[in-house]
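The values are calculated or read from the model by the stated rules, or taken from the named source; none is laboratory data. Because the structure is predicted, anything quoted here is derived from the model rather than measured. Don't worry about glycine lacking a Cβ; one is built from the backbone with ideal geometry, like all the others, and counts go over all protein chains shown. For the accessible areas, the whole protein counts, side chains as well, though only heavy atoms, and no ligand, DNA or RNA atoms are used. Shrake-Rupley method; radii C 1.70, N 1.55, O 1.52, S 1.80 Å.
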Amino acid sequence: MTIPQESVFCIDLHCHSTASDGALPPADLVRRAAGKGVTHLALTDHDTIEGLSEARAEAAASGVQLINGTELSCLWKTQTIHIVGLDFDADSPAFRQALAQQHENRWARARMIVDRLQKIGVTDLLDKATAASGGEVPGRPHFARVLVDEGKVKDSAQAFKRYLGAGKPGDVRAFWPDLAEVVQWITDAGGIAVLAHPRKYKLTATKLRSLVHDFIRAGGRSIEVSTSGQSSGDLGFLAELCRRQELLASQGSDFHFPGAPWCELGHITKMPDGLEPVWHHFREPVDCSAPA
């Protein structure tokens with residue numbers, strides 16, 4: 001059963017708009033979140049904060065408290081890892097410069113994906129993927145959409161299985177900075193670094209503990225304990241890991257598009273008791289004991 005973390009508050013700290021690989025423009029996403037009962041939302045588009053201004057304007061109109069967010073790509077021992085940054089200073093010049101570099105990294109990655117997928121025989125693949133992304137930097141989901149539209153695969157799942165998934169030609173990782181560098185960007189901007197969806201990396205328990213150790217050593221303070229698509233066993237494992245490592249607990253739907261009930265805005269399995277929520281440590285802490 002998916003329920004809000006609190007009876008009055010519903011806090012979703014991970015979602016995506018058309019500013020990266022989501023289906024809804026930022027304002028539409030915020031309106032949808034409000035309609036689903038979300039009271040506190042972090043828009044965490046991949047390697048960008050371009051959607052925050054539009055989202056903030058709609059949040060003010062919809063009565064949603066918007067928390068600054070982004071989801072940054074990095075490398076840990078050749079593995080691509082995602083770090084969510086929360087409650088940072090969005091006007092930090094150094095942070096904006098880092099995001100600009102990430103933007104260039106994403107374009108370089110997109111061009112390399114095109115080079116690696118040339119044998120498929122799709123003409124103007126980069127232009128078509130860019131159009132699919134609404135003019136933003138295309139990611140693998142946008143390339144998958146083009147492959148489906150061109151009849152090269154039957155669906156997005158097959159596109160990832162054949163061409164874009166882990167270990168396939170379109171899985172390009174070389175352009176991301178090191179995990180420690182990305183965590184530093186977030187902390188220097190006054191934010192909290194969160195290890196995103198830890199069980200989605202398919203790491204063994206031993207390797208995940210090693211990742212968490214390095215993450216903490218770099219200055220990371222929180223992990224996502226409750227997120228979409230995880231089993232009750234994963235939830236329990238991550239809750240225990242969070243307790244043992246004395247990390248702050250975060251949660252988020254990882255919403256990308258409507259029509260997928262397993263990752264709908266605000267539909268987040270309640271975190272186990274005894275964890276310290278990350279939102280208690282924002283610059284303006286969210287007090288769930290206060291009336292909405």
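The table that follows gives values for the structure above.
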item: Number of the exception - Ile192 against (1) touching a residue at least 40 places away in the same chain (Cβ under 8 Å); (2) open to solvent by 10 Å² or more (accessible area, probe 1.4 Å); (3) under 18 Å from Ala94 (Cβ atoms); result: (2)
item: Selection from the range 127-139 of residues that are over 16 Å from Thr18 (Cβ atoms) and buried (at least 18 other Cβ atoms within 10 Å of the Cβ); result: Lys128
item: Pick from the range 159-189, criterion assigned to a helix (DSSP H, G or I) and either touching a Pro at 6+ places or on another chain (Cβ under 8 Å) or of a type in the set (Lys, Arg) (or both), ranking: most open to solvent (accessible area, probe 1.4 Å); result: Lys161
item: Enumerated helices (runs of 4 or more DSSP H) restricted to the range 39-146, each holding at least 3 residues that are basic (Lys, Arg) and within 20 Å of Leu179 (Cα to Cα); result: 93-116
item: Tally of residues being out of contact with any Lys or Arg (no Cβ under 9 Å at 6 or more places or on another chain) and charged (D, E, K, R) across the range 146-197; result: 5
item: Search result, residues across the range 248-262 that are under 20 Å from Leu86 (Cβ atoms), open to solvent by 10 Å² or more (accessible area, probe 1.4 Å) and either part of a loop (DSSP other than H, G, I, E, B) or at pLDDT below 95 (or both); result: Asp254, His256
item: Yes/no for His46 being at pLDDT 95 or above and open to solvent by less than 50 Å² (accessible area, probe 1.4 Å); result: no
